[in-house]
Amino acid sequence: MRRLSQGVGRRENPMSTQSYLRGGAGACRLFRGFWMLWLTLCFCWAAAAPQTTPHGPIKAECEDCHTPASWTVMKSPSQFDHSKTQFALLGQHAAVECRSCHPSLRFADTSMECRNCHSDVHRGELGAVCERCHSPATWLVPDMPQRHTQTRFPLVGAHLTVACEECHLNQQKHEYVHVPTECFGCHKQQYQATLAPAHAAAGFGTDCVSCHSINSQTWGGSFDHARTGFSLTGAHLSLPCNRCHVANRFGAIPAQCVSCHQGDFANSKNPPHASGGFPTDCVSCHTTLAWHPASFDHNRTAFPLTGSHAAVPCIECHKNGQYKGTPTQCVNCHQGDFNSTVNPPHVASAFPTNCVSCHTTLAWKPATFDHNNTPFPLTGGHTTVACAQCHANNVYVGLTTDCYTCHAATFRSATSPVPHTGFPTACASCHSTNPGWQPSTYSHSGATPRFPQDNRHMSAACAKCHQTATNYTQYCCQSSGCHNSCQGGG
């Protein structure tokens, strides 16, 4: 009882250890109660609130990529269709892990520009549109020659097979723009090292395309000599350059033949060009194919070759190698032919030495002498008369043109219409050159001015007044029965 009473009646010290422990245990129980209540409230709120995603606003279901086992265990294959986004996975992109492009779980914040994932080795020199040259399949550009045509320097000829770094020397420094397009920018070393011919020493221009073709696969063999004003033709095509361009002299080379062929000109013996006074313009006789055959165009001289002259050897006219100053008169070559001609005899007949007045260059015969060029043109019956009938004894010069000289016998023997005794010997006063002397047209007023035949006498027969048939110089008007007097001794 005592103990009880002691116990009941005794007061505890609130600061004692036992008192502190009994109070702490109660507080702990109280804290646990509040913690459990907070968790229960959180769980209930989480169950009631919608689930959020760390990927940001995307239109996809979780099960397209994730499995129920864990968020980190991904579904294979993934059912997420990337083509429904604005960036379809093509080429190498289809094999790349998601985190390579999406380092953050917020997929919607990923940029679609190439440079955000890929380092731009060109440092923006070529722009930000990588797909101008590259494709998702590879960084390599298989159609670079075609794409290069969009630049200032299309790739043709040997440039098609050249590695990029041969022209883009500073590729490691990303130099793809401002690369010079002039040939000399890349080929300065070749220009300076070339010795056949020596470009630098000869003062050649640095514009390579003036001599070389950009379509060629090699440097040589593509120079167009026609652009110089002197086209290479014939034998010139196979000559080495230094045959004409001695000592690497390429500027101001004369284009005249003799500048290279003076020796050939001076040494020519058949015919001798120098002593013959030939012009030094070789192309007037020769072509660039070869010196022989030569085809001199004689028509370019003052004496064109026609007819038989075209087949005559040069030496027949150009004696002793004389080609300059050769006379063009026929007799200079044909004096012998002229002197020996006997039908008709040219010398004895004093024919002119101008052969072309009768002959052509085709042949000596037939000769066609034009009598109309003489004082006695041939007309009528004269055109068919043999030359010898008028030109007796081969007399061709100094002949009279009087009719009676040739026709005296015909005059004396004429009886129709009357004997011509006493008639004037000027045949042309009554006759023309028509064959047969007919018709004749005697003019009474012209022949006998004393007695012009007027209208009253026109119808009278000649014998009415000229009663002496053998002499018409006698006439009598009284005997005619018309008048009472006679004239002319009648």
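The values are calculated or read from the model by the stated rules, or taken from the named source; none is laboratory data. As the structure is a prediction and not an experimental result, all values here were calculated from the model. A quick note on method: Cβ atoms are made from the backbone with ideal geometry, for glycine too, and the neighbour counts reach across all protein chains shown.
Values as computed for the structure displayed
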read-out	value
Residues of the range 308-334 satisfying the condition of being surrounded by 12 or more Cβ atoms within 10 Å (Cβ to Cβ) and more than 25 Å from Ser275 (Cβ to Cβ)	Ser308, Cys330, Val331, His334
Residue that is surrounded by the fewest Cβ atoms within 10 Å (Cβ to Cβ), among those in the range 225-254 that are within 16 Å of Gly205 (Cα to Cα) and of a type in the set (Gly, Ala, Ser)	Ala252
In the range 291-304, the residues that are in a loop (DSSP other than H, G, I, E, B), without any contact (Cβ under 8 Å) to a residue 24 or more places away in the chain and touching a helix residue (DSSP H, G or I) at 6+ places or on another chain (Cβ under 9 Å)	Phe296, Asp297, Pro304
Residues satisfying the stated conditions in the range 67-83, i.e. surrounded by 12 or more Cβ atoms within 10 Å (Cβ to Cβ) and not in a loop (DSSP other than H, G, I, E, B)	Thr67, Met74, His82
Cross-chain or 6+ apart pairs with Cβ under 9 Å, the range 345-362 first and at positive phi, then modelled with pLDDT under 90	Ala350/Tyr396; Ala350/Val397; Ala350/Gly398
Members of the range 267-278 that are modelled with pLDDT of 85 or more and loosely packed, with under 12 Cβ neighbours inside 10 Å	Asn267, Lys269
Filter pass, Glu125 being among the acidic types (Asp, Glu) and in contact with an Asp or Glu (Cβ under 9 Å, 6 or more places away or on another chain)	yes
Leu105 vs. criteria of a type in the set (A, V, I, L, M, F, W, C), under 27 Å from Ala60 (Cα atoms) and either in contact with a strand residue (DSSP E or B) (Cβ under 6 Å, 6 or more places away or on another chain) or in a loop (DSSP other than H, G, I, E, B) (or both)	yes
Count of residues meeting criterion [assigned to a loop (DSSP other than H, G, I, E, B) and either touching a strand residue (DSSP E or B) at 6+ places or on another chain (Cβ under 9 Å) or exposed (fewer than 14 other Cβ atoms within 10 Å of the Cβ) (or both)] in the range 280-290	3
Test: residue in the range 438-448 that is of a type outside the set (S, T, N, Q) and loosely packed, with under 12 Cβ neighbours inside 10 Å	yes
Gln86 over 49 Å from the mean Cα position of the chain (by Cα) and either part of a loop (DSSP other than H, G, I, E, B) or at pLDDT 90 or above (or both)	yes
Considering residues of the range 402-418 that are part of a loop (DSSP other than H, G, I, E, B) and touching a helix residue (DSSP H, G or I) at 6+ places or on another chain (Cβ under 8 Å) only, the residue surrounded by the most Cβ atoms within 10 Å (Cβ to Cβ)	Val418
Filtered residues of the range 289-315 (kept if among the polar types (S, T, N, Q) and touching a Cys at 6+ places or on another chain (Cβ under 9 Å))	Ser295
Residue satisfying all of: in the range 68-88; in contact (Cβ under 8 Å) with a residue 12 or more places away in the chain and hydrophobic (A, V, I, L, M, F, W, C); nearest to Ile58 (Cα to Cα) among these	Phe80
Pair list, Cβ under 6 Å, 6 or more apart: the range 314-332 residue among the aliphatic types (A, V, I, L, M), other residue not in a helix (DSSP H, G or I)	Val331/Thr353
Check on Ala137, under 53 Å from the mean Cα position of the chain (by Cα) and touching a residue at least 12 places away in the same chain (Cβ under 8 Å)	yes
Test result for Val162, surrounded by 12 or more Cβ atoms within 10 Å (Cβ to Cβ), in contact (Cβ under 8 Å) with a residue 40 or more places away in the chain and farther than 23 Å from His245 by Cβ	no
Meets criteria (among the β-branched types (Val, Ile, Thr) and loosely packed, with under 12 Cβ neighbours inside 10 Å) for Val129	yes
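So that you can scan it fast, the table gives a plain yes or no per residue for (1) exposed (fewer than 13 other Cβ atoms within 10 Å of the Cβ); (2) under 59 Å from the mean Cα position of the chain (by Cα); (3) closer than 26 Å to Cys427 by Cα:
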{"site": "Asp337", "(1), (2), (3)": "no, yes, no"}
{"site": "Ser340", "(1), (2), (3)": "yes, yes, no"}
{"site": "Cys355", "(1), (2), (3)": "no, yes, no"}
{"site": "Asp370", "(1), (2), (3)": "yes, yes, yes"}
{"site": "Thr379", "(1), (2), (3)": "yes, no, yes"}
{"site": "Thr384", "(1), (2), (3)": "yes, no, yes"}
{"site": "Ala388", "(1), (2), (3)": "yes, no, yes"}
{"site": "Ala392", "(1), (2), (3)": "yes, no, yes"}
